[in-house]
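Worksheet: the structure to be examined is printed underneath.
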Amino acid sequence: MKKITVALLTLVLLCTLVVPALAAPTKNAFENVVMNGNEDEFGYLANTAGRDRQGKTICYMEANGCGYGAMGDAVQFKNVDFGKNGAKEMTISFSYGGEKTTTVAVMVDDQESAPVATFAITNTGGWDKKAAKEFTTPIKVPGGVHDIFVEFTNEESGSFSYIRFAEADAPVAGTPVATKPATSAPATADVAAIASVAAVLTSAAGFVALRKR
């Protein structure tokens, strides 16, 4: 009986450790949020109209950040933590080698929502990170943890490799659609199942202990 109790308690402990480990990590909005190819941290979202760039769809490229962006394509920066006050400015590191002006829009939490900021960028001298320049614009993002969408909005393209925000001096009013809690919780069915198993095992361990008495 003692061995069964120990085994159950061990399983409970393992479940307790696994659930926090699966929680999505947040990123500090007030430091450079640097893009990578990890889909748990960044989403590269192709437009629904089937547009592409040189026969390829938007993706992560080490030398560029996002590459092959076309109108309607977007990058999703997931789980960005804006603290208590939120943000008053946004900076983007952008590289662009075209002749015309390229434009992007910024949305909070929902790509289909109204833009909270826009950028209009002219030639920076090239398409990769080496030619990138920082561009800054006013923005209002409430505090808490949010997803940020940066979407190409015209037929031009370009690349960006990181974004950064300046903290607001006072709490920003308003709450965007689907605001996330300050402490980001796991959002998968698997994690919920693990939590349920942990609860069952805890009850079972207590029952076995009582029977032993």
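Fully extending the segment from Glu89 to Asp169, taken as 0.36 nm per residue of separation minus the present Cα-Cα distance, adds 27.7 nm.
Using Cα-Cα distances under 8 Å and only pairs 6 or more residues apart, what relative contact order does the stretch 97-140 have, in percent? Mind showing how you got there, number by number?
Working: 55 pairs, mean separation 16.3, N = 44.
Computed value for the stretch 97-140: 37 percent relative contact order.
Just list whichever of Lys88/Lys129; Lys88/Lys130; Lys27/Lys84; Lys56/Lys133; Lys84/Lys140; Lys78/Lys100 have alpha carbons separated by over 21 Å in the model shown. The partial results should precede the final answer.
Details: Lys88/Lys129 25 Å; Lys88/Lys130 27 Å; Lys27/Lys84 14 Å; Lys56/Lys133 25 Å; Lys84/Lys140 13 Å; Lys78/Lys100 30 Å.
Among Lys88/Lys129; Lys88/Lys130; Lys27/Lys84; Lys56/Lys133; Lys84/Lys140; Lys78/Lys100, the Cα-Cα distance tops 21 Å for Lys88/Lys129; Lys88/Lys130; Lys56/Lys133; Lys78/Lys100.
For the stretch 24-97, rounded, prolate or oblate, judged on the Cα gyration tensor with a ≥ b ≥ c (square roots of eigenvalues), a/c < 1.5 rounded, else prolate if a/b > b/c? Please list the in-between numbers first.
Values: a/c = 2.06, a/b = 1.87, b/c = 1.10.
Prolate shape, in that a/c is at least 1.5 and a/b is the bigger ratio.
Projected label points at Thr137 and Asp110, each 7 Å from Cα along the beta carbon direction, are separated by 2.1 nanometres.
Put simply, the amide H of Ser161, placed in the peptide plane, has neighbours under 5 Å in Ser93, leaving out anything fewer than 5 places away on its chain.
The numbers here are math on the coordinates, done by the rules we state, and not lab data. Every value quoted in this text rests on a predicted model; they were computed, and no experiment measured them. Don't worry about glycine lacking a Cβ; one is built from the backbone with ideal geometry, like all the others, and counts go over all protein chains shown.
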